[in-house]
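Colleague: Handing you this structure, nothing more for now.
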Amino acid sequence: MKVLFAADGSKYTKKALAFLVTHESLTGPEDELVVLNVQPPVPPRVKTMVGSATVNAYHADEAKKVLDPIERFLKRHKLQFRTAWVVGTPPVEVVRAAKNEKAHMIVMGTHGHGLLGRAVMGSVAQRVVTDSDVPVLLVK
């Protein structure tokens with residue numbers, strides 16, 4: 001099975017990662033794990049002021065802050081994986097990556113804001129569940 005793990009670096013990502021490594025049916029030796037971090041874009045005005053190279057370096061640095069601890073954790077657990085990061089709107093990019101990777105499942109942590117929170121501010125997890133063609137495992 002190919003699993004896309006959406007990682008934002010929050011404590012919910014850590015909980016989902018712990019769940020993932022304790023369930024060998026999702027991360028066995030035959031399975032493939034792709035860890036994805038989505039960086040929100042900077043406003044166009046900022047990119048114009050500081051330049052594309054500076055913005056790209058910023059995104060790479062921010063992604064590294066999220067992905068490096070996950071890489072260390074997965075290596076300690078001797079799991080096969082690869083990491084990637086993109087810039088964009090998180091739910092859109094997670095669903096796009098799942099399609100491009102031909103993932104069988106998306107795994108992600110959820111903040112669990114509840115009905116009112118989703119109605120007022122929206123939810124990345126809710127949008128991924130709604131828009132994805134593959135199963136989504138949410139860990140709270």
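Colleague: Among the residues of segment 19-48, which ones are more than 18 Å from residue 136 (Cα to Cα) and of a type in the set (A, V, I, L, M)?
Modeller: From segment 19-48, those more than 18 Å from residue 136 (Cα to Cα) are 28-30, 39-48; that's our starting set.
Matches in segment 19-48: 42, 46.
Colleague: Just one of 56, 37 is surrounded by 12 or more Cβ atoms within 10 Å (Cβ to Cβ) and either hydroxyl-bearing (Ser, Thr, Tyr) or farther than 20 Å from residue 94 by Cβ (or both); which is it?
Modeller: Of 56, 37, the one residue that is surrounded by 12 or more Cβ atoms within 10 Å (Cβ to Cβ) and either hydroxyl-bearing (Ser, Thr, Tyr) or farther than 20 Å from residue 94 by Cβ (or both) is 56.
Colleague: Please identify the pairs in which a residue from segment 1-14 that is in contact (Cβ under 8 Å) with a residue 24 or more places away in the chain has its Cβ atom under 9 Å from the Cβ atom of a residue that is among the basic types (Lys, Arg), counting only partners at least 6 apart or on another chain.
Modeller: 2/102; 9/65; 12/140
Colleague: Can you find a residue that is outside any helix (DSSP H, G or I) and modelled with pLDDT under 95 anywhere in segment 45-61?
Modeller: Checked against the condition, which is being outside any helix (DSSP H, G or I) and modelled with pLDDT under 95, segment 45-61 yields at least one hit.
Colleague: Still on this structure, please answer the following. Cβ-Cβ distance below 7 Å, separation of 6 or more or different chains: which pairs start in segment 88-107 with a residue that is more than 14 Å from residue 131 (Cβ to Cβ) and end on one that is in a helix (DSSP H, G or I) and not small (Gly, Ala, Ser)?
Modeller: Between residues of segment 88-107 that are more than 14 Å from residue 131 (Cβ to Cβ) and residues that are in a helix (DSSP H, G or I) and not small (Gly, Ala, Ser), the close pairs are 107/20.
Listed here are the residues, each with its yes/no results for (1) in a helix (DSSP H, G or I); (2) at pLDDT below 95.
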{"position": "86", "(1), (2)": "no, no"}
{"position": "93", "(1), (2)": "yes, no"}
{"position": "103", "(1), (2)": "no, no"}
{"position": "106", "(1), (2)": "no, no"}
{"position": "116", "(1), (2)": "yes, yes"}
{"position": "120", "(1), (2)": "yes, yes"}
{"position": "125", "(1), (2)": "yes, yes"}
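Colleague: Hey, among 42, 38, which residue is of a type in the set (Val, Ile, Thr) and not in a strand (DSSP E or B)?
Modeller: 42
The values are calculated or read from the model by the stated rules, or taken from the named source; none is laboratory data. The structure presented is a predicted model; accordingly, all values stated were derived computationally and were not measured. Cβ sites come from the backbone with ideal geometry, for glycine too, and all protein chains shown count toward neighbours.
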